[in-house]
Amino acid sequence: MKRILLLALALLTALSLAACGGNGGGQTGDDESFDGMIKVGFILIGSKTDGGFSQAHANGIDELEAYFGGLVKTMAVENVDDQNRQDIRSAAENMIDAGCTVIIGCSYGYMETMAELAEEYPDIYFLHFSGSMMNDTNFDNYFGAMEEPRYLAGIVAGMMTETNKVGYVAAYPYTEVQIGINAFALGVQSVNPGAVVNVVYINTWYDPEKEKSAAQALLAQGCDVLEQHCDTAGPIIAAQEAGAYAIGYNLDKPDSAPKAYLTAPVWDHGAYYIDVIKKILDGTFSPESYYGNMASGYVGLAPLSDLVPGDVKAKVEEVKARIMSGEFAPFSGEILYADGSVLCEDGQTLNRDQIWEINRVVKGVNATE
């Protein structure tokens, strides 16, 4: 209780100082002389400048510090392998030793280790990107309805492919990734029923060489538009080198391959970080499984590049408006898995729980592990 009251006082102080023109953003690092009100540690699977997944989280970190005017301090450990539980633990405990009272793990593979740490450190808050584990006191998870912008990206690909072969570089054959593949494929099929989506799984979240080589394999199959669920700009670069188009992921980064880049499903992690730290500071935090959508601003589709024709832009805007209003959802109407079994019935719209039971690809998708 004492800690909650102190944090609440800290928030009032922070807002007061910010209103008086307080410092606009702290420095990310491990300066233990920080005398602010709260210190937040981030564990990243890649580099802050990876051009994709980890950079999107890093942008959110910057937003968090800027919002609180320097009275929230952050630090981050980069390139932490999400398959090495000792490295995950060491990164978290080192930041706790440095004064962090909130630890945020930014990769699915950190989940089980963070669950253990949450039990061992009941006075520390642990927040985890993706996954399903949480407790009732100090550990929650956060993710977003990425199926919405993925569907819109599929419309772009379906209208722009000339070979009717669209490629998808995917991390693992597991639910989060398959939700994205299927939503994208449904978007493709909504405007181009004859198109197929070829998928190559690379069985890693972060490996620039594997990401690029998988993209090259898809291009060799005749795919002329690529999409991805992996961490770097490798597939976009491969597409540009082959004279093809590509749709990115995680953040809007057209300069990575300007002759290929069309758009990207993106995250605004800062929106979540600011909201959850406010709740921690004012004592209203309660673990939840957060799932932000396009309407909330947590996920979205990056602006379409000049390579995208006007009729494609118009179609995307039309469907986007229907998604934002709640009139349409990607997983609605009759949808069949590739094996012919039913994913969604005619007249049905899948809810969140049903979406997260997806365990294979839909009709029109060819997947290679």
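The values are calculated or read from the model by the stated rules, or taken from the named source; none is laboratory data. Model, not experiment: these values are computed from the prediction. Glycine also receives a Cβ, built like all others from the backbone with ideal geometry; neighbour counts cover every protein chain displayed. Each accessible area value is taken on the protein alone, full model and side chains, heavy atoms only, with ligands, DNA and RNA left out. Shrake-Rupley method; radii C 1.70, N 1.55, O 1.52, S 1.80 Å.
Details
- Taking only the C-alpha atoms of region 322-367, Rg followed by Dmax gives 11.2, 33 Å.
- Cα shape, region 283-326, gyration tensor, a/c 1.5 rule: prolate
- Region 238-354, relative contact order [Cα under 8 Å, separation at least 6], %: 18 percent
- Counting only DSSP H runs of at least 4 residues, each contributing -39500 (n - 2.57), and dividing by the residue count of the chain, the helix-based mean residue ellipticity at 222 nm comes to -12000 deg cm²/dmol.
- Three-way shape call for region 86-141 based on the alpha-carbon gyration tensor, with the a/c threshold at 1.5: oblate
- At least 24 Å along the helix axis (C-alpha) and Kyte average at least 0.5, DSSP helices within the chain: 2-19, 175-191
- Accessible surface calculations at 1.4 Å, restricted to protein heavy atoms, place region 148-264 at 30 Å² per residue.
- When the square roots of the Cα gyration tensor eigenvalues are ordered a ≥ b ≥ c, the ratio a/c for region 284-366 is 1.5 or more and a/b does not exceed b/c, which makes its shape oblate.
- With kT/(6 pi eta Rh) evaluated at 25 °C and eta = 0.890 mPa s, and Rh the Kirkwood radius from Cα pairs, the chain diffuses with a coefficient of 116 µm²/s according to Stokes-Einstein.
- GluC sites (Glu not before Pro) restricted to DSSP loop in region 289-352 with at most 12 other C-beta within 10 Å: Glu327, Glu334, Glu345
- Mean projection of the Cα convex hull over all viewing directions, computed for region 163-240: 4.6 nm².
- Contact order normalised by residue count of the chain, Cα under 8 Å, 6+ apart, percent: 17 percent
- Pairs of Cα atoms nearer than 8 Å and 6+ residues apart set the relative contact order; for region 101-150 it is 34 percent.
- Compared with the direct C-alpha span, the chain from Val342 to Trp356 gains 3.5 nm at full extension, assuming 0.36 nm per residue.
- Rounded FRET efficiency, nearest 0.05, which uses the C-beta distance separating Asn79 from Glu119 and R0 of 35 Å: 0.85
- Computed on protein heavy atoms with a 1.4 Å probe, the accessible areas place Met95, Met133 in the order Met133, Met95, largest first.
- Put simply, the convex hull of the Cα atoms in region 32-118 casts, on average, a shadow of 5.4 nm².
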